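The values are calculated or read from the model by the stated rules, or taken from the named source; none is laboratory data. Small disclaimer: the values here were computed from a predicted structure and weren't measured. Using ideal geometry, Cβ is built from the backbone for each residue, glycine included, and neighbour counts are taken over all protein chains shown.
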Amino acid sequence: MKAIFDERQRKHDPRHFMANGALQPNPEQPKRIEILKAAAMAAGCEFSAPGDSGMAPIAAIHTAEYLAFMKTIYRRWQFIDGAGAEVIPNVHPANRSDSYPKSAVGQAGYHQADTACPIAEHTFEAAYWSAQAAVAGADLTAAGERAVYALSRPPGHHAFADLAGGFCFFNNSGIAAERMRMAGRRPAILDVDVHHGNGTQGIFYRRADVLTVSIHADPARFYPFFWGHAHERGEGDGTGANLNLPLERGTGDEAYLKTLDTAFERIAAFGADLLVVALGLDAHVDDPFKGLAVTTPGFARIGTAIAGLGLPTLFVQEGGYVSDALGDNLTHFLQGFAQA
């Protein structure tokens, strides 16, 4: 299986993460790259670097205003007397209006949903190349590859069109799907991360040309809390093109695989001819976020089940955090797909 990664993705090295009112080390660390890359190679992946397709594929789903913010905010942050080393907002609009602040602090609050996505000197560069990895993977898949793995890190599925959040800056899976659509294809996005892909849902919620399906821990008591509930079906033209399949905390292999069948039925009904899998590995029983209880052999079975759809498939890396099982989970998943 071909795999895509750019070394510049390592440059994002966030230092801060606030959870439950406590400042903690950020779990979205560059160390994830070493673990995931070695695991993909163990599954038979051969890595290459992406070409530079420029800003156009990213700007196809992210607003120009947001991209300008991402490109300039770190430099502007340095002019604030006593500012911290990373851009972290301390104020958020209760309701985002037509008013747009001029200050760096106000814009950070406007464009960053939470404190889990600090922006440092090299964040824009790393996120840019993470997106380029997804674009390159989309092009290869659309050109006829059975499957491609994009090691997109930082991840992307919590990023909206103009809003970072949950470790995510550019919505890599969404960028890949839009790239496929613009090439005349009909893509579906299947998100298997333990957290709902709220940014992906938001980007495509009023559109009928990209199907979004997410299997995740029930957000009633789990991040991202405000999105991912079963009644969210899409709006306007997009009604029925969004499917959320929330699971009870602690759900294991058998119930997860049964839920996949429901996802597959919707993908088939949509008539998708390409599949983007937002590949979170944090549904594992030993992942630090403790949402679901999928086992390592369970990931192999999930990969095999997805292969049964018979669709050219791009795997875009999302979550999955440092644990003893992280690498094995990816190896088993990719082997399960490849050997089906």
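Note on the range 135-151: residues that are within 21 Å of LEU326 (Cα to Cα) and within 15 Å of the chain's Cα centre (by Cα) amount to 3. Restricting the range 283-305 to residues that are under 15 Å from ALA43 (Cα atoms) and of a type in the set (Gly, Ala, Ser), the residue that is surrounded by the fewest Cβ atoms within 10 Å (Cβ to Cβ) is ALA300.
Return the pair list, or none, for Cβ contacts closer than 9 Å from residues in the range 59-70 that are at negative phi to residues that are surrounded by 14 or more Cβ atoms within 10 Å (Cβ to Cβ) and hydroxyl-bearing (Ser, Thr, Tyr), at least 6 apart or on different chains. Once the first residue is at negative phi and sits in the range 59-70, its partners that are surrounded by 14 or more Cβ atoms within 10 Å (Cβ to Cβ) and hydroxyl-bearing (Ser, Thr, Tyr) give PHE69/TYR110; MET70/THR123; MET70/TYR128. If you go through the range 20-43 and pick out every residue that is in contact with an Asp or Glu (Cβ under 8 Å, 6 or more places away or on another chain) and of a type in the set (S, T, N, Q), you end up with 1. From the list PRO224, PRO288, PRO219, PRO246, the lone residue that is at pLDDT below 95 and closer than 20 Å to HIS158 by Cα is PRO288. The strands (runs of 3 or more DSSP E) falling completely within the range 1-103 that include 3 or more residues that are at pLDDT below 95 map to 17-19, 22-24.
Scanning the range 170-192 turns up no residue that is in contact with a His (Cβ under 6 Å, 6 or more places away or on another chain), modelled with pLDDT of 95 or more and assigned to a loop (DSSP other than H, G, I, E, B). Quick one: which residue in PHE69, PHE47 is touching a Leu at 6+ places or on another chain (Cβ under 9 Å) and surrounded by 13 or more Cβ atoms within 10 Å (Cβ to Cβ)? Of PHE69, PHE47, the one residue that is touching a Leu at 6+ places or on another chain (Cβ under 9 Å) and surrounded by 13 or more Cβ atoms within 10 Å (Cβ to Cβ) is PHE47.
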